[in-house]
Each structure stands twice: as structure tokens, then as C-alpha cells.
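The values are calculated or read from the model by the stated rules, or taken from the named source; none is laboratory data. These numbers were taken from a predicted model, which means no experiment stands behind them. Every residue, glycine as well, gets a Cβ built from its backbone with ideal geometry; the counts of neighbours run over all protein chains shown.
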Amino acid sequence: MNMGVEFPNFNKEEKMPASQERPKKPGGELRGKPVQGPDEQWYNKFGEKISQDEAYAENYWGHFMPSASDKSERMEQAKMLMREAIESQAKTGLFRSFVDKTGITEKDKCKLSAYRLIAKEIGYEIGQFKFNKDAGTVTASLKKIESQE
């Protein structure tokens, strides 16, 4: 059934016309995900060096409700809730978050890195995470960053 749209008929021997090829990028095509380079450093989709937390957080926000039509609004709501959780937990000096009971997964690392960066934005520092298998949580120190003026 032809719907009035013509598609080029390429077989294995034919090459796609240059105008339709994807542009070549050094090191491969950039797909939006942070990557770890051969130098063990992390790079964003623009090739700029970033921290491991920034790389994981970019993955978290990049995959946050990908099918939602109101993605940016829902992301802002999630960030607001994360800020409130950090500020509330700062009173005890201990950050706590649920993770997979089998261990800290890649998805958990992305979420925890997002928390760490949001904490930094609002003047807090989250320390090293400690996994509690029985509770299915991680804990870390949480302290106010002293301004150095």
C-alpha cells in the first residue's frame, strides 16, 4: 500500500546519498549520553569533560519519564521534591535514599548523583554512600557547605 510517500530503494550494494548520511563525529556519533573516554574521564554529548556525578545525573534526567509530554514540568517537580528531601534530611546530618535491595544499580547511581548535584546547587554536600542491604537503602553524611568569602 503506497501512501504517496516514496522511499529510496537501497540494497546492500548501494550507498546512501551523501545528503542523507549522518554526519561523522570524531570518536563516533554523539547520542546524548555521557561517555567514559579512554583516559577514564567522563564527557558529555558535546565532548566536554564532566565529573562522574554529572555523567550519571545527565543519564538520570535524560531518561526521566521519556514518554511524558510534560517532561520538563515533571522534572522540575521532581527536582523540587529532591531539594525538599535534602533540606529536611540536613537537619539530621544524614542523607538516606532507597535503592535496589540487591545492591546499588546503574539506575540508582544515576539517581544518587542527581541528588548529589542538587544538594550542591542549594549549598549542601553529600558524602560517600554506604549501602544497607537489609533496609535497601544508602546513607551518607549531609552537611551545609561553608561559604568562603
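A few points about this structure:
- Conditions (1) in contact with a strand residue (DSSP E or B) (Cβ under 8 Å, 6 or more places away or on another chain); (2) of a type in the set (A, V, I, L, M); (3) within 21 Å of residue 59 (Cβ to Cβ); number of the one not met by residue 118: (1)
- Residue 58 part of a helix (DSSP H, G or I), within 23 Å of residue 143 (Cβ to Cβ), modelled with pLDDT under 90 and of a type in the set (Asp, Glu): no
- Index of the failed condition, residue 65 passing every other in (1) exposed (fewer than 10 other Cβ atoms within 10 Å of the Cβ); (2) at pLDDT below 90: (1)
- Residue ID - nearest to the chain's Cα centre (by Cα), chosen from residues in the range 94-117 that are without any contact (Cβ under 8 Å) to a residue 40 or more places away in the chain and buried (at least 20 other Cβ atoms within 10 Å of the Cβ): 115
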